[in-house]
Amino acid sequence: MFRPVTHPAYVQGTLDTLLTADGSVDPAALSLADTTFVVLDLETTGGAPDGAGITEIGAVKVRGGEHLGEFATLVNPGVPLPPFITVLTGITESMLRPAPPIETVLPALLEFLRGAVLVAHNAPYDVGFLKAACARHGYPWPPVRVLDTAALARRALTRDEVPNRKLGTLAHFFRSATTPTHRALDDAKATVDVLHGLIERLGSFRVHSLGDAIEFAKAVTPAQRRQRHLADGLPHVPGVYLFRAADDRPLYVGTSKDIATRVRSYFTAAEKRARISEMLTAAVRVEAVECAHSLEAEVRELRLIAAHAPPYNRRSKFPERVVWLKLTAEAFPRLSVVRRFADDGATYLGPFSSRRTAELAAAGVYDAVPLRQCNHKLSLRSKTPACALAELGRCPAPCEHEITPEEYDLRAALPFRTATSGDPGPVVSAILQRIETLSDRQRYEDAAVVRSRLIALLRALIRMQRLDALTRLSEVVAARRDDKGGWEIIVVRHGRLAAAATSPPREHPRPTLDAARLTAETVLPGSGPVPAASAEETERILAWLERPDTRLVETAGDWVSPVRGAARFAGLLTRAETAASGQDSTVRLSVTDRSDDARSLRL
């Protein structure tokens, strides 16, 4: 029975996809002098790489300038040969008729390529035909690295030296012993001489290894190429790196599990950010700060950015620039946006990264409870004229003494205080009820506005209660396994990373842990959810502690959160954010109010 044969789909790749099977470059590659190269050239029928069309293969194996072997054969393409190809190459139909088909040539060619670096002039073209042939005939493409002499020439030679990067032009420039003739073996031999000439040039660019040569062939900027030496000598360890200017001022701070590899990536074609290119031009050296593990690196990065405000870091530059929502301590309290958390008996919510976010959360509170929104200092003896909100029924008019301080506190202030430190259910239920009312009246835009206020308020409540639960503890010691079999250890005091260490593999971690505690930073308690560190630092620590593989070793006290606290609304927050992003217009928001009845609505 005849069964149709299906071939794997093939997509023409770019040079970046031809490096290895996984697209990576081995940082420990051999030097160019010790690398075995197979310099290859194909002649084809001129069509697209579809698994056929190869008419001739020529390859030369070299290492350290020594000729190791050759591979050359004509190939029957299985399709008619266009006349212009015969004119160009001199290959005729009669020459190809007795030649073997590509499926019988591939095993020997792939064996010839084994363990070597494939070199070709305009490599994507030649490799594209070979990969298509392998895909069509069921041969796996080997994990071979590819080096393109045309790309190398574009980086290493100037227009003043050569007018173009054609093989014939480069062979003449490097005085090749073989003249390209559009025959595969001759062109491969000419490419060998071009490769050797280019390798001599690469030394002046500090390119000495195969990995450096592959990266050099990519489209890097002159500034990247000129500043490559900044990555020399950096350690392969987790930590923080600082690009510094001539006046020693930090320009950019970053973190990585492998400092040397990460810094080297700034000088490759993968780095395309304009601001980083500008930064590299101004940098004169890179400073490395070795860390015990990745969490310590992340924390040190945050602290360095906060301390120096590097001009090329966009995020976390000013963590101290936060604001808080304060419920004032007076007869008729009101919400106020303030810059500092003070131990003055008032109730606070935050920190917020911007005044706009704080005001959005405050608007959510106003949707739920009848807090006054005016800024007047009200007197218990004399009245003050009421504003429009009182006339609209949005304010109980404490200014005109329409409500007693005790009743005002019970109806307006107490729900907010309870929400910040305990159960925000009544506030959340009231906001959801308002959204439902607006939706029933088909005021969907207004309902969406109130939903955005709910999102801002829930984020702040959940964040504050999580931070507060950790920062109340005078000490937390935790550990988790690292990839090498040791233990990553942290000592946290009042939400601040006080010490970090890594115990060696196959050794008991207790001595390392005890040494970390003895040398840990002294952290004094303070007021508020982030008394000793930035909120970002404490959140990084929380994320590390909450990982499934983290073990709590010791805690000074109980690490607890309110039973009916804001965390129980995390699912509601996720659904509200999904609805607000427009990813799903049918998301249902639900919450359990104090009577445990479910409220739901569709936005």
GLU521 in contact (Cβ under 8 Å) with a residue 24 or more places away in the chain, under 20 Å from ARG300 (Cα atoms) and outside any loop (DSSP other than H, G, I, E, B): no
Looking only at the stretch 186-216, how many residues end up being open to solvent by 40 Å² or more (accessible area, probe 1.4 Å), out of contact with any helix residue (DSSP H, G or I) (no Cβ under 9 Å at 6 or more places or on another chain) and either touching a residue at least 24 places away in the same chain (Cβ under 8 Å) or outside any helix (DSSP H, G or I) (or both)? 3
Kindly list the number of the only condition in (1) in a loop (DSSP other than H, G, I, E, B); (2) among the charged types (D, E, K, R); (3) over 18 Å from LEU295 (Cβ atoms) that fails for ARG547. (3)
Given the condition over 29 Å from ILE462 (Cβ atoms) and at pLDDT below 95, answer yes or no: does some residue in the stretch 410-419 qualify? no
Is at least one residue of the stretch 556-573 closer than 30 Å to HIS508 by Cβ, open to solvent by less than 30 Å² (accessible area, probe 1.4 Å) and not in a loop (DSSP other than H, G, I, E, B)? no
Among (1) touching a residue at least 24 places away in the same chain (Cβ under 8 Å); (2) within 30 Å of VAL428 (Cα to Cα) - the single one ARG496 does not satisfy: (2)
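Hey, among ALA388, ALA479, ALA412, which residue is among the aliphatic types (A, V, I, L, M) and open to solvent by 50 Å² or more (accessible area, probe 1.4 Å)? Please lay out each step first, then the result.
Details: ALA479 fails: open to solvent by 50 Å² or more (accessible area, probe 1.4 Å); ALA412 fails: open to solvent by 50 Å² or more (accessible area, probe 1.4 Å).
Going through ALA388, ALA479, ALA412 in turn, just one is among the aliphatic types (A, V, I, L, M) and open to solvent by 50 Å² or more (accessible area, probe 1.4 Å): ALA388.
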Only residues in the stretch 542-557 that are without any contact (Cβ under 8 Å) to a residue 12 or more places away in the chain count as the first member; pair them with residues that are of a type in the set (A, V, I, L, M) and part of a helix (DSSP H, G or I), Cβ under 6 angstrom, at least 6 apart or cross-chain, and list the lot. none
If you take the residues of the stretch 68-88 that are open to solvent by 50 Å² or more (accessible area, probe 1.4 Å) and free of Cβ contacts under 8 Å to residues at least 12 places away in the same chain, which of them is nearest to GLY46 (Cα to Cα)? PRO83
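May I ask you to verify whether ALA448 is at pLDDT below 95 and open to solvent by less than 10 Å² (accessible area, probe 1.4 Å)?
no
For (1) open to solvent by less than 20 Å² (accessible area, probe 1.4 Å); (2) of a type in the set (S, T, N, Q); (3) touching a Phe, Trp or Tyr at 6+ places or on another chain (Cβ under 9 Å), each residue gets a yes or a no:
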{"site": "LEU42", "(1), (2), (3)": "yes, no, yes"}
{"site": "GLY46", "(1), (2), (3)": "no, no, yes"}
{"site": "ILE57", "(1), (2), (3)": "yes, no, yes"}
{"site": "ARG63", "(1), (2), (3)": "no, no, yes"}
{"site": "SER94", "(1), (2), (3)": "no, yes, no"}
Report every pair of residues separated by at least 6 positions or lying on different chains whose Cβ atoms are under 7 Å apart, first residue within the stretch 289-307 and open to solvent by less than 20 Å² (accessible area, probe 1.4 Å), second of a type in the set (Phe, Trp, Tyr). LEU295/TRP544
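Within the stretch 113-126, restricting attention to residues that are over 22 Å from THR181 (Cβ atoms) and assigned to a helix (DSSP H, G or I), which residue is most open to solvent (accessible area, probe 1.4 Å)? Show your work before the answer.
As a first pass, look at the stretch 113-126 and keep what is over 22 Å from THR181 (Cβ atoms): 113-117, 124.
Narrowing further to those that are assigned to a helix (DSSP H, G or I): 113, 124.
Numbers: LEU113: 6, PRO124: 34 Å².
Per the stated criteria, the residue is PRO124.
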With criteria (1) open to solvent by 50 Å² or more (accessible area, probe 1.4 Å); (2) at pLDDT 90 or above, ARG154 comes up short on (2)
I'd like the full set of residues that are touching a residue at least 40 places away in the same chain (Cβ under 8 Å), in contact with a strand residue (DSSP E or B) (Cβ under 9 Å, 6 or more places away or on another chain) and surrounded by fewer than 19 Cβ atoms within 10 Å (Cβ to Cβ), limited to the stretch 358-377. CYS374, ASN375
Among the residues of the stretch 58-116, how many are hydrophobic (A, V, I, L, M, F, W, C) and either farther than 20 Å from ALA135 by Cα or more than 49 Å from the chain's Cα centre (by Cα) (or both)? 17
Of the criteria (1) part of a loop (DSSP other than H, G, I, E, B); (2) on the phi < 0 side of the Ramachandran plot; (3) at pLDDT below 90, which one ASN313 fails: (3)
Identify, by number, the condition in (1) out of contact with any helix residue (DSSP H, G or I) (no Cβ under 8 Å at 6 or more places or on another chain); (2) open to solvent by less than 20 Å² (accessible area, probe 1.4 Å) that ARG321 doesn't meet. (2)
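Being part of a loop (DSSP other than H, G, I, E, B) and under 22 Å from ILE431 (Cβ atoms) is the filter here, so list the residues in the stretch 344-391 that pass it.
Residues of the stretch 344-391 part of a loop (DSSP other than H, G, I, E, B): 344-346, 353-354, 369-371, 373-387.
The answer is SER353, SER354, VAL369, PRO370, LEU371, GLN373, CYS374.
The values are calculated or read from the model by the stated rules, or taken from the named source; none is laboratory data. Owing to the predicted nature of the structure, the values given are computational and were not obtained by experimental measurement. Every residue, glycine as well, gets a Cβ built from its backbone with ideal geometry; the counts of neighbours run over all protein chains shown. Just so you know, the surface numbers come from the protein's heavy atoms only, side chains and all, with ligands and any DNA or RNA stripped out. Shrake-Rupley method; radii C 1.70, N 1.55, O 1.52, S 1.80 Å.
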